[in-house]
Amino acid sequence: MHSQSFLRINRFQMSGNKLDKNRTLTIQITAEFRENPSCLPCRPSASPRGEQAGLWHPNSIFFFLLIIVLFNGTNSAQTEYLPADNPVYNFLERMESLQIINDYNSFEIPKTRNNIAGYLKEVIQNENKLDEVDKKILGDLKVEFEFEIFNTLNNSESLIGSGHYDFFSQKEKYLFYLYDSSRANFFINILGEGEGIFLNSSSAKTSAVLTSIGGEIRGTFLNHFGFLLKGTNGFVSGSKQAATARKDLSYNYKLNETPDETFFDETEGYLTTDFDLIRFKFGRDRMKIGYGNIKSFLDDNSPLFDYLSLNLKYEFFSFSYFHGKLQGNPSVEFDSVSGPSNVVEEKYFGYHRLGFNISEDFDFGLGEMIIYGGRPLDFSYLNPFSFYKSIEHSNRDRDNAMLFLDFNNNSFEGLKLFFTFLVDDIKFGKIGTGWYGNQTAINAGLKSYNFYGLLPVDIQFEYLRLEPYTFTHRLSRNSFTNFNYNLGSFLQPNSELFFLQINYRFNHRLDFSVNWSYTLHGANPKNPDGSVKENVGGDILLGHRIFDSDETNFLDGDMEYYRRFSISLNFEPVNRYFITFRVINFNDSLQLKKSVKETQAFLRLGIRF
């Protein structure tokens, strides 16, 4: 006797139309088990009429699960990611600290536009709790994210095809947009920017003018697949020294290729899939990892890199993973026929983190990072669900694995506390002995919005400490760097930093901030010719060598003091027209009695249409 199982579809119902944001698909499935010696799937004609259309082989289960996944979502879900420098992230962090929204975590950004819209919907429901400035900021955000929140484009206009376009309106502006909420949508923008940079120091007074233009196209199709393509080209007029005071130009390859080069370019792009509980992404854009203003793990201190990522989220649990391609140690090879050629060592970066949202006010995470290089892509680190430290051991200890934990708490309304602890390497039996191998990092801080309702002001304080040799490695290719730039903050190992910032919102389009930082650094003592006299673990590019001392204490070496004071003003007089003014004052006391005093001023004008 042969037993064959089937599925009967008793009901198939779809509710909603293509403009309804909450389309649902209902499938009622009943499992029936029939004994059939003739094996109906092998001979469909043997099925009694009336049952043939309702019986399905178990292999068809996959088909129905796929249907459920594809239809279990919102029609206008935007799977593109919002750039990490968008000011909405500051707004949402403030809303989290004020307990107006729940389940928001700023440890990893960027987030998808659909995620952002979900949080903004929570804010809209609690709009009566906002002060007057934030109510107007929320009004602007309703325009910016109108499509994601309301599934409409009533407050948007395009230069091509709309019939009316006002460059000075407060509507959201596009060069062109096209949308069909059940199939696809596309948004195209032209980006323009001009910036003046002025340097004033004891050694030089110089300036530069930067102009750039570019474009961006982004979109989502079939509600779950998104993409972005962005590119900009620019030119420098004036001093290159002044131009490279801008961080992203200091490592721009084209601009720094030759002394007389004045051209620079940059590109971002990715393909992403979003099925609510699970997201995949492949491409390149700016990621930031860490709490506070000084991102301890991943910031904009180094060049962009390409990566593959996976994110899972369900209720209180989340898992994030990415594997990226970095640039290792650069060198130049010379050939008598072809001439010089650039050589960059292979290097890769792996990251994964388990997050737990324990309550509305408290969440924490546990994670690992791995740096390896000098060989092709290692498939053992492509597996998201593994322990990097154990894999490093099985790979014969050739790589640099790190563990970290973090937590975020806002139990007190208006006050956010955060803490991150990283272990690069450690032996518990040698804690407190000065052993060079105990390499750790601490980042702690608070953000206070306790004057909310009285004054539109917030205060932020952070402390960051890197023990000697932290983020370094005995093999230089495994240092925590990208093209020899620290992946996280600018801070060198064997340092500590104190940071204070005050932000004031004059109105919804004008904000002002002032910050001060003080850094102490134990630098490696040097010989008169510039070579390292003694290695105390104060240089991220120089790990411990076999002839270096096994003992070094925090802030050993030549003491250096870095003092930074800056003010910035951000103004958006008309929607998508930006004016930013920033002044930074440097007052540094370095080794060999060298003193650096310099003032940098930046005036940037930007437009997006």
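A few comments on the model shown:
- Answer from S394, S386 - the residue that is of a type in the set (S, T, N, Q), under 21 Å from G367 (Cβ atoms) and more than 23 Å from the chain's Cα centre (by Cα): S394
- The residue that is farthest from D274 (Cα to Cα), counting only those in the stretch 316-354 that are of a type outside the set (V, I, T) and without any contact (Cβ under 8 Å) to a residue 12 or more places away in the chain, is S336.
- Test: residue in the stretch 515-527 that is at positive phi and either aromatic (F, W, Y) or not in a loop (DSSP other than H, G, I, E, B) (or both): no
- Taken over the stretch 340-379, residues that are closer than 26 Å to T472 by Cβ and assigned to a strand (DSSP E or B) amount to 21.
- Whichever residue in the stretch 337-360 is of a type in the set (D, E) and modelled with pLDDT of 90 or more and, among such residues, is farthest from the chain's Cα centre (by Cα): E345
- Flag if I213 is of a type outside the set (G, A, S) and crowded, with 17+ Cβ neighbours inside 10 Å: no
- Hits in the stretch 91-118 (condition: farther than 24 Å from L455 by Cβ and not charged (D, E, K, R)): N102, N105, F107, I109, P110, T112, N114, N115, I116, A117, G118
- Qualifying positions in the stretch 491-506 - surrounded by fewer than 17 Cβ atoms within 10 Å (Cβ to Cβ) and either within 17 Å of Y562 (Cβ to Cβ) or modelled with pLDDT under 95 (or both): F498, L500
Matching residues to (1) buried (at least 17 other Cβ atoms within 10 Å of the Cβ); (2) modelled with pLDDT of 95 or more; (3) among the basic types (K, R):
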position: V457; (1), (2), (3): no, yes, no
position: R465; (1), (2), (3): yes, yes, yes
position: T470; (1), (2), (3): yes, yes, no
position: F512; (1), (2), (3): no, yes, no
position: S531; (1), (2), (3): no, no, no
position: E534; (1), (2), (3): no, yes, no
position: G537; (1), (2), (3): yes, yes, no
position: G557; (1), (2), (3): yes, yes, no
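- Every condition in (1) modelled with pLDDT of 95 or more; (2) hydroxyl-bearing (S, T, Y); (3) surrounded by 15 or more Cβ atoms within 10 Å (Cβ to Cβ) is met by Y251 except one, and the failing one is (1).
- Residue pairs whose Cβ atoms lie under 6 Å apart, sitting 6 or more positions apart in sequence or on different chains, and linking a residue in the stretch 447-474 that is part of a loop (DSSP other than H, G, I, E, B) to a partner that is of a type in the set (D, E) and buried (at least 23 other Cβ atoms within 10 Å of the Cβ), are Y449/D458; T470/D424.
- Scan of the stretch 379-422 for residues that are out of contact with any Phe, Trp or Tyr (no Cβ under 7 Å at 6 or more places or on another chain) and hydrophobic (A, V, I, L, M, F, W, C), ordered by number: F379, L382, F385, F387, M402, L403, F412, L415, L417
- Looking only at residues in the stretch 311-336 that are surrounded by fewer than 17 Cβ atoms within 10 Å (Cβ to Cβ) and within 26 Å of A441 (Cα to Cα), the one that is farthest from the chain's Cα centre (by Cα) is F317.
- Search result, residues across the stretch 552-575 that are over 30 Å from K171 (Cβ atoms), part of a strand (DSSP E or B) and among the polar types (S, T, N, Q): S566
- Contact map, the stretch 390-416: residues that are surrounded by fewer than 17 Cβ atoms within 10 Å (Cβ to Cβ) paired with residues that are assigned to a strand (DSSP E or B), Cβ distance under 7 Å, separation 6+ or inter-chain. Pairs shown: R398/Y372; L405/F364; L405/G365; L405/L366; L405/F421; S411/F362; L415/L446; L415/S448.
The values are calculated or read from the model by the stated rules, or taken from the named source; none is laboratory data. Just so it is clear, the structure is predicted and the values come from calculations on it, not from any experiment. So basically every Cβ, Gly included, is an ideal-geometry build from the backbone, and we count neighbours across all protein chains shown.
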